[in-house]
Amino acid sequence: MAEQDHVELVDPDGTASGVALVSQAHAAPGLLHRAYSVQLVDGEGRLLLQQRAAAKRRFAGLWSNSTCGHPAPGTTLADAARVRVREELGVDVEGLVEVGAFQYSAPDAVSGHVEREHDHVLVARFDGAFSPDPDEVQDLRWVTRAEAADLVAAGETTPWFAQVLALASPEVPARG
């Protein structure tokens, strides 16, 4: 999503309240807007983590959930997430299940931007190979929940990832 694209603003209850440019939503102190975080889980219950590319505008180089983004106003979470998984990871994923949502606010000291999001967590099972976009993804790795927690404790993850980890369950039904 480009800085001139629109995001959906939400109130503290997560109800749509307007639209803003991505650049406006991420300017300090940040505008509360809708986002999603996708967590892919393999058949062994491992989580796919993405190390964000150095070119990312916010929180570059940190480890995070499989992919994330902002649905355009009027776009469903699942549709937006499927498109983003295809763009970043080069695969098609089905069976995304929303497992919860949370709100957070986090400034990025490097860029000066602020994430202030109502983040919906979507989980799906995926067992396959990836073809990541190097402009988006620096590295990918399958990890256990314990390894993911160690990365959080070491300060190597995005500010939202600990909450995604808390909501994402490894028990995702296999695709039918």
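Summary table
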item: Ranking by accessible area, most exposed first, for 117, 8 with a 1.4 Å probe; result: 8, 117
item: Sulfur and carbon atoms: percent of accessible area, the stretch 3-90 [1.4 Å]; result: 52 percent
item: Solvent exposure ordering (accessible area, 1.4 Å, most first) of 70, 33; result: 70, 33
item: Per residue value of the accessible surface for the chain (all protein chains in place, 1.4 Å probe), Å²; result: 45 Å²
item: Largest-first ordering by accessible area, 1.4 Å probe, given options 144, 67; result: 144, 67
item: Positive-end residue, the stretch 6-167 charge dipole about Cα centroid, Cβ charges, pick of 28, 151, 104; result: 28
item: Residue 105 versus residue 141: modelled label distance in nm, points set 7 Å from Cα along the beta carbon direction; result: 3.3 nm
item: Lys, Arg +1 and Asp, Glu -1 on Cβ, resulting dipole of the chain about Cα centre, debye, nearest 20; result: 100 debye
item: Rotationally averaged projected area of the stretch 45-176 (alpha carbon convex hull; nm²); result: 7.8 nm²
item: Gap separating the Cα centres of the stretch 124-156 and the stretch 3-28, nearest whole Å; result: 27 Å
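The values are calculated or read from the model by the stated rules, or taken from the named source; none is laboratory data. Bear in mind that the values here come from a model prediction, so they are computed numbers and not experimental data. Heads up, the Cβs are rebuilt from the backbone with ideal geometry, glycines too, and the neighbour counts pull from every protein chain shown. Please note that ligands, DNA and RNA were not included when accessible areas were found on the heavy atoms of the full protein model with its side chains. Shrake-Rupley method; radii C 1.70, N 1.55, O 1.52, S 1.80 Å.
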